[in-house]
Every structure is written in C-alpha cells, then in structure tokens.
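Working notes for the structure below.
The values are calculated or read from the model by the stated rules, or taken from the named source; none is laboratory data. These figures come from a predicted structure and were not determined experimentally. So basically every Cβ, Gly included, is an ideal-geometry build from the backbone, and we count neighbours across all protein chains shown.
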Amino acid sequence: MGYTDAGVPALAESFPPAVVEYLQDFRTQEVRDIVETLLYIYIAQNSSSSRGEGQGVIEQSCYAYTSGPLFVLAQVGLIESASWHGTTVIKATPAGEAIARPLMEARIRVLDIRGLAHEIHGVVPALLAGTVKGSYVNKTFPSSLPRTEETFVSFLLNNNSALFEECEQFASRLKAAGCAVLAHAYDLDGPGAGGVVYTFPPEFAYILKGMLEAIDPGAREHYDMLLESFHSTFTVLRYLSCGEDYDRIRASSAHRRELSRVLGLLADSIYVLEQVPQDDGVDLARFIIKDRDLYDAHLRDLGRALMTDVAEKIVIDRPAPAAKPPAPTMEVPATPGKAEAATSVPPAEEEAETEEDRWDDAVFADDEEEEAAEEPLAPPPPPAPRRIVAPRPAPEPVAEPPRPGGLDIFLGHAQGGHRVNWSPGRLNNGHMIILGGSGAGKTETIRCIAAELAAQAMPVVLIDFHGDMAASTGNIRSYKIREGGEYYFNPLELDPAIDEITPLRATSDFVDAISINFPTLGIQQRRKIKNIIKDCYRMSGITGNTGTWTRVLDFDDIESEIMSCEDEAIPAYLEDIFDYKLFSGEEKISLPTILSGGITHINLNALPENLRYLFADLFLRRIYYTLQATGEIPRGAGDEREKFRLFVIVDEAKLLVSQKSGSKTSIKAVLNKYATEMRKFGVSLILASQLIAHFNEEILANIAVKFCMRAENKKQAQENAKFFEVSEKDLLNFQPGEGILIIGSEKMNVRIVPTSGRKV
C-alpha cells in the first residue's frame with residue numbers, strides 16, 4: 001500500500017545514499033519485505049505508551065522478521081533497540097521515520113475514511129479520539145475484552161459488549177488496509193510484555209479527524225458529552241474508592257462538579273470538613289467517613305448505576321447495509337517475511353447514512369464473539385455478517401403535561417429533538433449563567449426565560465444596561481432611568497418593617513457602592529462622604545430608633561451638603577448623581593409591586609456608564625435586604641414555585657461581581673451576596689456575560705446551570721471552551737440560539753426556541 005512492486009526500485013532510490021548502496025543487490029521482493037517491516041515497526045512502536053507517544057515495539061512482536069529484514073534495517077541505521085526494565089524494544093530512528101512517514105500518509109490517502117465513517121458507529125471515533133483524556137490520542141486498542149476495569153476505556157468495553165465489537169471491527173478494517181498492526185503491549189514502568197493489542201500509526205489522529213468530520217456534528221457533540229459525563233463519574237468513583245486520580249479531578253472543573261454531586265449523595269455516610277485552599281486556589285473537599293459499610297454500599301450502588309447508564313445510552317444498533325454487487329478489489333501488502341497473497345477489501349458503502357436512532361429506545365444485538373486469532377501478525381478474516389435489530393422510529397417531540405407543583409421553564413430542544421426544561425426547584429439552587437458573544441442569542445434567551453417565568457406568575461427583574469432585554473410578551477413594567485428623575489428609588493430611605501437597614505447600614509452600603517463604582521475615590525474622601533450622610537440623617541431627625549424611620553431623608557437635601565464640601569474632589573465625583581436625579585424624582589419604584597409578579601424591566605441605557613452600575617448595585621442591595629427581612633423560605637414546600645420569591649436577570653453581570661482593590665482585598669460586590677446567600681430567601685439569579693472568566697470561583701461554585709453559546713472570536717472561544725471542556729471550533733461554529741447546557745452534572749447540546757416559535 002502506498003507503492004507497487006513496479007515502483008519499489010524508484011522508492012529505494014529515494015532512500016539515503018548509504019541505504020541505497022546497501023540495498024542495491026537485493027531483489028525487489030526482498031526490498032519490499034524490508035520496507036514492510038519498517039512500516040510495521042513505525043506503527044507498532046506506539047503499542048508501548050498510553051500517552052500517545054511511540055517508545056518502541058517489544059522484541060517478541062518482531063520475531064517473524066528476524067531472519068532478514070530486521071538485521072538489514074539495523075545495519076543501515078533505520079531502526080534501533082533499547083531496554084526498558086529488562087525488556088528489549090525496537091523503534092524506528094529519525095532516518096527510518098523519514099522513510100516510513102510518507103508511505104504511511106500514502107496509505108491513509110487511499111483509505112476511504114468517509115465510507116468507513118458511515119459503516120462504523122459514530123461513538124467509536126469519539127471514544128478513540130481521546131476527547132475525555134486530554135490533548136493526545138491513545139494509539140492502542142485491546143484485541144480481546146479487558147480483564148480489569150481499572151481504566152475508563154476498559155470499564156466502557158467491559159460493560160458494553162456491542163461497543164467493544166464495533167471498535168474491534170474498526171481496528172480490523174484499518175489493519176486490513178495496512179493502517180494498523182497487532183503487537184504486544186507493555187508498561188513503561190513495569191517489566192515484561194502484556195496482551196496483544198491493535199496499534200495505530202502516529203497519523204491515527206488524521207483518520208479519526210476525517211471520520212468525525214464525516215458524521216453529523218450534532219451526533220458527534222452528543223457522543224463527546226456523553227463520554228465526558230461517564231468519564232467524570234468514573235474518575236470520581238475511582239478517587240473515592242481507592243484515592244487515585246486526585247490531581248486529575250483538581251485539574252478539571254467538570255470532575256470537581258461531579259465530585260460535589262457525588263459527595264452530596266454520600267452525605268449520610270461522611271462528615272465534610274472545612275476546605276483549606278491550596279496555593280493555586282483549587283482544593284477538593286475533605287471528608288471523614290463516619291459509616292464505612294454505608295459508604296462502601298453507596299459507592300457500589302453508584303457504580304452499578306453507572307454501568308446501567310452505560311448499557312442504556314451507548315448502543316450500537318443500526319439497519320444492516322443492503323447487499324451490493326462485488327466491487328473491484330484493492331491490493332493490500334503481504335505480511336513481511338511470508339508469501340504474498342492478494343486480499344480484497346470492498347470499498348465502504350456509499351448509501352446515505354440512516355437517521356440516528358434514539359439512545360434509550362435501541363436494543364443491543366446478540367452477536368457472538370469471534371475467536372481471537374492466535375497469530376498476531378496474520379491478516380484478519382473478513383468480518384462476519386452481524387445480526388442487527390432494526391431501531392424503532394423516534395417519536396415526534398411533544399409538549400409535556402405540567403407537573404403537579406412543578407416549576408418547569410421550557411428552554412428548547414436537545415440533540416434528538418426532545419424538550420429541555422429548566423426546573424430550578426429540583427436543583428441545589430436556582431442560579432444560572434449564560435455566556436456568549438455578540439449575536440449568539442443571549443438576549444433572546446433571556447427574553448424567553450423571562451416570559452416563561454412570568455407566564456407562571458413568577459416575579460422577574462431585568463437589570464438592563466443596554467436597553468434591549470425587555471421581553472416581547474408577558475406582563476411587563478418598564479422603568480427607564482434617565483436624566484430628569486421620572487423614575488427613581490432612594491437607597492437611603494428607611495422602612496420600620498426592615499430593621500436590617502439602619503441609618504448606619506444604609507450609609508455604609510451607599511459609600512461601599514460608591515467605592516466600587518468609583519475606584520479612584522480615596523479612603524479619606526469616602527470617610528467624609530459617610531460623615532456628611534450621617535449628619536443629614538441627624539438633621540432630619542432620623543436615629544437608630546425605628547420609630548423615626550417613617551421620616552424621609554430626601555436625597556436632594558444631601559446635594560447641598562455634598563456640593564459645598566471643602567474637598568473639591570468629592571463634588572467632582574458625585575455631581576452626576578445629582579444632575580441626573582438618580583435617587584430622587586417623580587415616581588418611586590415600588591418593591592412590593594415588583595415582588596407581586598410579572599416582569600419588571602429596569603432600563604439603564606440612558607445613564608452614563610458609571611451611573612448604570614451604581615444604580616444597579618444599590619437597587620439590588622435594597623432588594624436583598626427586603627427579602628432578607630421577609631425570612632427564609634420554609635423547608636419542605638410541596639409546590640416548587642413556593643421556593644422562589646424573585647428571579648433576578650442581569651446582563652453584563654461581570655460589572656457587579658467582586659473586584660480586587662489595590663491592596664488585594666476582596667470587595668464583596670452585590671452579586672456575590674446573591675449567589676452565596678440569597679437562595680435561602682427565595683432568589684434565583686440569572687447572569688449573562690461573554691466570558692466564563694468574568695465570574696469568580698465563589699459565584700461559579702453556587703451556580704447550578706451553565707449555558708455557553710457561540711463565541712464572538714477565538715479569544716472568547718479559548719476561554720469558554722476550557723471551562724466547558726468542548727472544542728473551540730464548536731463554540732465558533734454554533735448557530736444563534738445554540739449552545740452547551742450544563743444542568744447539575746448533565747451536559748447537552750441545546751437549541752433555544754425563540755419567543756416567536758413558542759406559546760407562553
């Protein structure tokens with residue numbers, strides 16, 4: 001493959017001069033055997049490492065060639081030997097690889113990759129591509145079922161015979177085409193040879209890339225996310241049972257999320273200790289086992305549940321291909337050292353790929369396992385016809401009937417067409433983040449969620465910095481905050497019913513918000529502002545006695561004191577607040593009205609940028625204290641809607657998250673409080689931004705649902721893809737409204753149904 005007997009002389013002439021001189025007296029057949037032996041070693045040297053790097057093929061795998069080709073290759077410097085823990089291995093030298101590489105690339109070029117992709121189930125290249133393993137592709141596959149389940153791949157193969165058979169068929173096809181070999185595996189860190197494995201060439205990634213590009217992108221994404229979900233659960237269970245993979249879990253946000261979920265299921269058998277952050281800021285929960293028997297029983301149950309999930313969701317089940325007339329044969333090179341024999345390889349089927357059947361409805365085929373060949377280097381027989389159970393057609397997606405006492409917010413459709421709902425009352429918290437670049441569909445997604453919530457009589461507040469978030473349907477109250485003070489709220493106003501907001505607390509919050517949104521304001525200047533406000537409270541007769549709180553401290557009364565301050569910097573900072581009448585005006589925004597239901601749209605687009613964020617900060621603080629005074633949500637509420645008093649939606653949320661001051665001291669911004677404390681008071685927080693990096697660990701740890709949409713540029717894609725553990729290419733190629741949705745530990749590809757396409 002990659003050359004013919006007639007082309008062998010010309011091929012030999014392309015070798016280094018010393019090699020050409022050595023081979024000039026050899027017959028064509030002998031030169032061919034030498035080249036085929038070199039190609040075998042070039043591929044088989046990858047059998048040694050799970051890291052995807054070729055370290056050499058174990059010597060006993062090459063015994064069939066010792067009579068001649070191996071000696072010649074060593075003499076001309078195309079191969080070399082080394083020793084690993086007393087085991088002799090052989091690998092190609094750089095000169096040998098320079099000869100073998102273009103020949104291997106020629107074999108791959110004539111390989112019908114697209115046809116192979118239609119014959120082999122799409123989960124196979126997704127698994128072998130190593131999408132859940134890191135940046136490399138493992139280049140081995142066992143020739144028989146693994147005897148243990150120590151690795152993720154061996155676990156999958158042992159718990160899904162159909163998956164193993166499909167992978168084994170794929171490996172056999174590549175071997176028949178000269179793009180894979182059989183060789184003994186061995187551990188770089190241990191002595192001796194292991195079992196015989198299918199081994200793929202260094203260019204194996206090109207084959208997988210071609211196959212993945214030939215299958216439906218949506219199906220590929222589904223397989224990737226499915227395997228990733230299984231991998232996270234497997235890794236966590238392995239860590240909890242034997243203490244391995246600690247570093248892998250710390251390095252992966254998906255693994256850490258899964259660990260948190262599993263520890264929650266083990267809550268009755270462990271004591272979770274207070275975390276002590278490591279130098280890198282990442283630490284795993286530490287715990288003490290209080291009931292070993294119960295703990296082990298839980299782990300066994302979780303392991304069995306994972307096995308069941310694997311068996312149900314990874315199914316290999318498709319209609320058998322229609323019979324076709326015999327196709328022209330394709331020459332396959334003979335095994336080195338043995339007599340050549342012509343082998344016919346039928347081209348891949350060219351018929352259209354059948355519609356992907358639903359995972360849960362498919363049935364495993366009862367195929368009998370073929371006996372493994374005793375001679376590892378002999379060409380495999382053609383695969384026997386497989387008995388296939390035809391899939392049942394997937395039903396059309398239909399609207400689900402409402403759950404009694406449920407709060408289900410319809411988002412869109414996942415791969416396969418089934419409806420995806422967000423049910424915040426069934427999760428640890430009702431918080432969500434939405435990521436995406438310009439034109440990705442964040443705003444429309446927000447509108448859809450707001451309208452769905454309002455349709456179920458849930459109160460919603462939209463904090464809109466750009467004026468484009470208002471829902472197109474539903475009960476909407478719109479307040480445009482602008483110059484002139486048509487609508488306002490007073491952050492210094494007190495309420496006798498809310499004794500958490502004292503004059504001192506209101507003053508401190510106001511100055512704190514000023515400090516965050518005007519970071520160049522000095523310490524002494526902040527102190528002067530605080531003293532001025534405290535004096536204004538006293539002059540208005542407002543003290544720590546709640547009986548005085550019915551009196552109103554008009555914000556206009558503060559203006560004269562601030563503007564006459566001897567420190568000229570203070571009026572310069574705050575004069576816009578008074579010019580725009582940000583906290584005084586004609587109609588006060590009523591918090592009881594907001595909490596009564598419907599959508600409240602706070603449009604801040606007409607304000608200067610610094611005033612937008614100041615108003616939002618103080619407004620959300622006031623809501624925080626109001627709900628805090630209402631008390632915690634009673635536990636055990638039967639109706640999920642009773643768990644929520646308010647849904648707060650904020651675009652450009654990065655501007656209301658904790659920042660760092662010059663002294664590196666964290667300033668507790670308002671959204672940090674919402675994310676960490678407000679769940680128990682019935683608040684759901686929905687935050688939108690462009691990058692996952694806009695949210696700190698404190699917020700991300702308290703967000704149950706994460707939705708990542710199309711990236712605007714490569715930088716955005718790099719940032720978000722790393723957290724969601726998806727490819728940058730996928731984030732750049734999403735259509736508007738598409739994205740990766742994480743709900744708890746479940747991950748899926750979702751397309752949002754816009755407001756124009758739904759009935760609310």
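May I ask you to say which residue of LEU671, LEU741, LEU685 is modelled with pLDDT under 85, surrounded by 18 or more Cβ atoms within 10 Å (Cβ to Cβ) and in the same structural domain as PHE619 (by TED's automatic domain parsing)?
After ruling out the rest, the residue left standing is LEU671.
Consider the range 551-563. How many of its residues are within 22 Å of PRO519 (Cα to Cα) and without any contact (Cβ under 8 Å) to a residue 24 or more places away in the chain?
2
Of ILE577, ILE570, which residue is closer than 20 Å to TYR613 by Cα, buried (at least 18 other Cβ atoms within 10 Å of the Cβ) and free of Cβ contacts under 8 Å to residues at least 40 places away in the same chain?
Answer to the check: ILE577.
Please state which of the following conditions LEU604 fails to meet, knowing it meets all the rest: (1) in contact (Cβ under 8 Å) with a residue 40 or more places away in the chain; (2) crowded, with 18+ Cβ neighbours inside 10 Å; (3) more than 14 Å from TYR488 (Cα to Cα).
Every listed condition holds for LEU604 apart from (3).
Consider the range 712-752. How many of its residues are under 26 Å from VAL262 (Cβ atoms), of a type in the set (D, E, K, R) and touching a Leu at 6+ places or on another chain (Cβ under 6 Å)?
Qualifying residue count for the region: 0.
So which residues in the range 580-592 are in contact (Cβ under 8 Å) with a residue 24 or more places away in the chain and either in a loop (DSSP other than H, G, I, E, B) or of a type outside the set (Lys, Arg) (or both)?
TYR580, LYS581, LEU582, PHE583, SER584, GLY585, GLU586, GLU587, ILE589, LEU591
Would you please name the residue that is farthest from ASN720 (Cα to Cα), looking only at residues in the range 404-426 that are surrounded by fewer than 15 Cβ atoms within 10 Å (Cβ to Cβ) and touching a residue at least 12 places away in the same chain (Cβ under 8 Å)?
Applying the filter and picking the extreme gives GLY405.
Look at LEU227 and say whether it is part of a helix (DSSP H, G or I) and not assigned by TED's automatic domain parsing to the domain that holds ILE41.
Criteria met by LEU227.
In the range 1-22, what residues are in a helix (DSSP H, G or I) and at pLDDT 80 or above?
PRO17, ALA18, VAL19, VAL20, GLU21, TYR22, listed by residue number.
Looking only at residues in the range 59-81 that are outside any helix (DSSP H, G or I) and hydroxyl-bearing (Ser, Thr, Tyr), which one is modelled with the highest pLDDT?
That would be SER81.
Please state which of the following conditions GLU697 fails to meet, knowing it meets all the rest: (1) in contact with a helix residue (DSSP H, G or I) (Cβ under 9 Å, 6 or more places away or on another chain); (2) touching a residue at least 60 places away in the same chain (Cβ under 8 Å).
(1)
Report, by residue number, each residue of the range 418-439 that is at pLDDT below 90 and hydrophobic (A, V, I, L, M, F, W, C).
Result: LEU427, single match.
Which condition from (1) among the aliphatic types (A, V, I, L, M); (2) surrounded by fewer than 21 Cβ atoms within 10 Å (Cβ to Cβ); (3) at pLDDT 85 or above is the one that ALA171 breaks?
Just one mismatch for ALA171, condition (2).
Show me the helices (runs of 4 or more DSSP H) found entirely inside the range 664-734 where at least 1 residues are among the hydroxyl-bearing types (Ser, Thr, Tyr).
Hits in the range 664-734: 670-677.
Could you list, in sequence order, all residues of the range 583-595 that are in contact with a helix residue (DSSP H, G or I) (Cβ under 6 Å, 6 or more places away or on another chain) and hydrophobic (A, V, I, L, M, F, W, C)?
PHE583, LEU591
So which residues in the range 532-550 are surrounded by 14 or more Cβ atoms within 10 Å (Cβ to Cβ) and without any contact (Cβ under 8 Å) to a residue 24 or more places away in the chain, if there are any at all?
Of everything in the range 532-550, those that are surrounded by 14 or more Cβ atoms within 10 Å (Cβ to Cβ) and without any contact (Cβ under 8 Å) to a residue 24 or more places away in the chain turn out to be SER540, THR548.
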